[in-house]
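Here, each number is a calculation from the coordinates, and none is a lab measurement. It should be emphasised that the depicted structure is a prediction, and the values quoted were computed from it without experimental measurement. Every residue, glycine among them, receives a Cβ derived from its backbone with ideal geometry; neighbour counts consider all protein chains shown.
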Amino acid sequence: MRRELAALILAATCLGATAARAQQPPGIYVTFTEPSDEGQALRVRDIAARMKTFADQLENVPRVEIHLVHSPRELALRVGGETSARVVPSYVHGGFFLLSPVAWPGNPTQETIEHEVQEGLVRYAISYLAGGNRLPAWLDQGLLAYLTRQEFPPLTAGLVAQRAELLLGRWEPTEPTIGYWAVKYLVEERGGLAALRQLLRLMGQRPDVFVDNLQLAYGTPVGELERAWRAWCKALAEREEQKQKGGIQVGPIKPPPPTR
């Protein structure tokens with residue numbers, strides 16, 4: 001009963017926040033609590049304006065609010081618990097919390113700050129489509145890696161293909177390679193980002209039935225989808241091995257010829 005009540009309260013809060021944001025002007029807004037962070041806020045806003053194109057690949061969220069907090073203690077208070085992260089997305093707050101760079105250890109470079117802001121924008125776009133609902137770790141991690149153009153060696157796809165357990169139905173955190181190759185496969189072979197948007201929107205409507213949502217978005221049983229993905233990963237890794245040995249030319253992945 002308590003869990004049901006908590007879920008209803010969260011749903012009502014999210015709906016109220018969504019309705020309120022719909023009436024607000026679009027753009028990127030940065031809030032801060034310490035006057036000394038005003039310069040950092042301006043810097044973060046300029047970076048966000050340049051980095052938003054990465055998140056826009058998935059969804060062009062009209063309004064993003066970046067809440068700059070001055071210290072790890074303040075961040076913990078705002079997000080409801082201790083965290084080692086510098087960026088914490090918040091669907092209810094319309095964007096993400098960002099620990100002020102002045103509180104980071106050492107002297108953070110421009111590239112480091114850009115990376116954190118980029119991650120915050122992409123993760124909020126994911127959360128925005130999913131209605132703030134929790135996603136399987138592989139999907140969240142994979143979308144982040146793919147949209148921010150991280151790269152993994154093709155041979156790691158072969159290691160993923162060899163895993164014994166079913167992976168696409170799992171919620172727990174996994175190796176980053178699993179999410180990356182899963183999302184890359186879904187984008188390149190199974191309907192592009194449009195199908196992933198549909199999956200995220202389904203999670204926004206039916207957050208407790210991920211496997212059903214996955215099968216609905218892709219029109220195939222999850223077991224068949226996983227087998228096809230693993231075969232693709234295996235072919236990709238084998239192609240890379242042959243390429244490194246000088247056995248084939250670079251080109252699209254093709255299935256092996258039928259045996260006679």
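When both bridge partners sit in the chain, DSSP labels roughly 25% of those beta bridges antiparallel.
Compute the helix-to-body angle for 192-205: its Cα long axis versus the longest principal axis of the chain, expressed 0 to 90° and rounded to tens. Taking the Cα atoms of the chain, the angle to 192-205 is about 50 degrees. In region 59-110, Cα pairs under 8 Å separated by at least six residues give a relative contact order of 40 percent. Output the 0 to 90 degree angle, nearest 10, between the alpha-carbon long axis of helix 176-189 and the longest principal axis computed from the alpha carbons of the chain. The answer is roughly 70 degrees. For region 135-254, a simple Cβ point-charge model (Lys and Arg +1, Asp and Glu -1, everything else neutral) yields a dipole of about 340 debye relative to the Cα centre. Summing Cβ point charges (Lys, Arg +1; Asp, Glu -1) relative to the Cα centre of region 47-89 gives a dipole of roughly 120 debye. Of the residues Val92, Tyr146, Thr31, the one whose Cα sits farthest towards the positive end of the charge dipole of the chain is Tyr146 (charges of +1 on Lys and Arg Cβ, -1 on Asp and Glu Cβ, taken about the Cα centre).
Around the Cα centre of the chain, unit charges on the Cβ atoms of Lys, Arg, Asp and Glu (plus for the first two, minus for the last two) sum to a dipole of about 660 debye. Residues in region 213-223 carry Karplus couplings, in order, of 5, 4, 5, 5, 5, 10, x, 8, x, 4, x Hz; the curve used is 6.51 cos²θ - 1.76 cosθ + 1.60 with θ = phi - 60°, and Gly or Pro positions show x. The lysine pair count for the chain, using Cα distances under 29 Å and pairs eight or more places apart or on different chains, is 10.
Note the angle between two axes, namely the Cα long axis of helix 110-129 and the longest principal axis of the Cα atoms of the chain, as a number of degrees from 0 to 90, rounded to the nearest 10. On a 0 to 90 degree scale, this one is about 80. What area, in nm² and to one decimal, does the C-alpha convex hull of the chain cast on average over all directions? In nm², the orientation-averaged hull projection of the chain is 17.6. Each Cα pair under 8 Å and six or more residues apart adds its sequence gap; the mean of these over the residue count of region 109-260 is a relative contact order of 28 percent.
Under 8 Å for C-alpha pairs, at least 6 residues apart: give me the relative contact order for the chain, rounded to a whole percent. Once divided by the residue count of the chain, the mean separation gives 16 percent. Between Ser71 and Val102, the modelled labels are 1.3 nm apart [label points 7 Å from Cα along Cα→Cβ]. Extension gain, Gln24 to Thr112, is 28.6 nm, computed as 0.36 nm per intervening residue step minus the present C-alpha separation. The Rg/Rh ratio for region 76-219 is 0.99, where Rg is the radius of gyration of the alpha carbons and Rh is the Kirkwood radius. For region 142-163, the residues whose backbone nitrogen is under 16 Å from a point 7 Å from the Cα of Gln57, taken along Cα to Cβ, are 142-153.
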